[in-house]
1. For region 127-148, which residues satisfy the criterion of being crowded, with 16+ Cβ neighbours inside 10 Å and touching a Gly at 6+ places or on another chain (Cβ under 9 Å)?
2. Could you say which residue among E499, E471, E441 is open to solvent by 30 Å² or more (accessible area, probe 1.4 Å) and farther than 29 Å from R292 by Cβ?
3. How many of the residues in region 154-183 are farther than 17 Å from N395 by Cβ, open to solvent by less than 30 Å² (accessible area, probe 1.4 Å) and not in a helix (DSSP H, G or I)?
4. Scan region 1-29 for residues that are open to solvent by less than 60 Å² (accessible area, probe 1.4 Å), part of a loop (DSSP other than H, G, I, E, B) and either more than 25 Å from N70 (Cβ to Cβ) or modelled with pLDDT of 70 or more (or both) and report the count.
5. Look at G434 and say whether it is open to solvent by less than 10 Å² (accessible area, probe 1.4 Å), over 18 Å from the mean Cα position of the chain (by Cα) and either in contact (Cβ under 8 Å) with a residue 12 or more places away in the chain or within 18 Å of G288 (Cβ to Cβ) (or both).
6. Taking the condition of being in a strand (DSSP E or B), open to solvent by 40 Å² or more (accessible area, probe 1.4 Å) and over 24 Å from L301 (Cα atoms), how many residues in region 238-262 meet it?
7. Whether any residue in region 197-216 is closer than 27 Å to K106 by Cβ and of a type in the set (A, V, I, L, M, F, W, C) is what I want to check.
8. Determine whether V326 is of a type in the set (A, V, I, L, M), open to solvent by less than 20 Å² (accessible area, probe 1.4 Å) and over 30 Å from S491 (Cα atoms).
Amino acid sequence: RSTLFPYTTLFRSASKEYWDLIRRIPNYQGGYIWDFIDQGLRGKSKITGKPIWTYGGDYGRFPASDNNFNCNGVINPDREPNPHAYEIQYYYQNIWATLVDAKAGKVEIYNENFFRPLDYAKLSYDIVVDGKKIAEAQDASLPVIAPQKKATIEIAAIKNAFTNEEYKGKEILVNFEFKQNTNDPLLKVGTVIAHQQFELTPYTFPTVEVITAQPVADKKAKTTPAGVTLDDRAVFAVLSANGVKVTFNKRTGYVAYIDVDGTPMMTDDAELIPDFWRACTDNDFGAGMQNRLAAWQHPRLERKGFNIKQDGANYVVTADYNIQAVEANVKLTYTMTPAGQLVVKQELTTNPEAKNMPQLLRFGMQMQMPKEFSQIEYYGKGPHENYIDRNNSQNLGVWKQTVAEQFWGYVRPQETGTKTQVRYWNITNKSGKGLRFEGVEPLEMQALNYTEDDLQPARNKAQWHSGDLIERPFTDLHIAARSMGVGCVNSWGAWPRQEYQMPYKDYTYTYIISPVR
């Protein structure tokens, strides 16, 4: 055991920084994964009757156990990979590509094996523009590369995509897959043994200025474009445009309802509210974050102001709040446009003189939609759940999933289902009607049939099982700028690395809600 690099668990965590060290420092040692497999036994929930994995504390009245500490593995007890297994798999791969010159389509291939020449793999690739595939090649031959050596190949399709004026201003991605071309004892022909993604040109995010620009009158028709209308009542206010109605609760200042063509997009008993918390993971519990950061879990926001004003064809609503427990203020600004789009800006202002204030676990907002809104199409990292310190193995792409598929049943329920680097997120019913969420910068999105309190029902780590959970009759949706990483050192006290934390400071972000028809 190294005193410089102690043992580590990779439960719910990333391995990037360890492998950066391994690949940079030849004599590096340390940083071990335990456990490889969750040590749980098959059982049945006393609450729901569903299958569960039992663990320490589930047997006997006074068990000598460390609860689910032996369920911090990469693989489930039934040998199904946990989501973090894909991150480990990615960094274990022995074939690596480097985009040397995109304009010339030059790619360098590195055989990281120490003894085996690269004669057992073929290359497949896709070129994707704003989420749409424009070119591909399957099972292209590679040069035989000696161990620890590199070779450069040229791919004309990369050069063509990079220089094509038609794709200017669009995000161009190249996806590489290296596949087994021989039958080995454990790997069959066609098995993907390595993969990488490269961004040739960045994504162009929408801007507030473009979304909120005033409509131009048609001089020939001599008409004035329709604007947003306001129905201002004593306890609520309704903004309407293009078949979209947004209702504000004037007492709380929050959006209480969004209706598109008469169809409710929100449940009756929930509002679009600020969100500073995600369910704690086992790593978080090991570091005591459920108690140390508890002031952000359900903070009381005291409304200090609410204002509605017209801005040309748009309407702007502002609501101001104070969070006394953490000496902070929140300002929410909503701009509704004639297209029926709602631009939402959330600003958190903290006290620079405050001492020993807790960090946040998430900065965003949340709402609940009727359960019929169960279909997701998003452009972001996927297909598996991913977090800021555990998303390198996941590719940017357009993914179609259901809300039910977002939940991963860890042995003990906890934070799950988040997707990072989201460009847009459509959540609809089976008829294709719903809402679209876009950020002016990448978003983190989460949609589950469980709430944060379902995934973390208490601050003591009790005998919880994913099979104990009862699905809610709604879709719990979180729209976030950022959440704290899930940890990458150990599960008995260490915090995520500093760059993945969320210190007490000012935060702001903006996103757009649009109707999907």
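1. Across region 127-148, the qualifying residues are V128, G131.
2. Numbers: E499 fails: farther than 29 Å from R292 by Cβ; E441 fails: farther than 29 Å from R292 by Cβ.
After ruling out the rest, the residue left standing is E471.
3. Selection size over region 154-183: 2.
4. Count: 3.
5. yes
6. Of region 238-262, the ones in a strand (DSSP E or B) are 238-241, 244-249, 255-260.
Then drop every residue that is not open to solvent by 40 Å² or more (accessible area, probe 1.4 Å), which leaves 245, 257.
Still in the running and over 24 Å from L301 (Cα atoms): 245.
Residues in region 238-262 being in a strand (DSSP E or B), open to solvent by 40 Å² or more (accessible area, probe 1.4 Å) and over 24 Å from L301 (Cα atoms): 1 in total.
7. yes
8. So V326 does not fit the description; no.
The values are calculated or read from the model by the stated rules, or taken from the named source; none is laboratory data. Because the structure is a prediction, the values reported are computed rather than measured. Here the Cβ is made from the backbone with ideal geometry for all residues, glycine too, and neighbour counts use every protein chain on show. Calculation scope for accessible area: heavy atoms of the full protein, side chains included, ligands and nucleic acids excluded. Shrake-Rupley method; radii C 1.70, N 1.55, O 1.52, S 1.80 Å.
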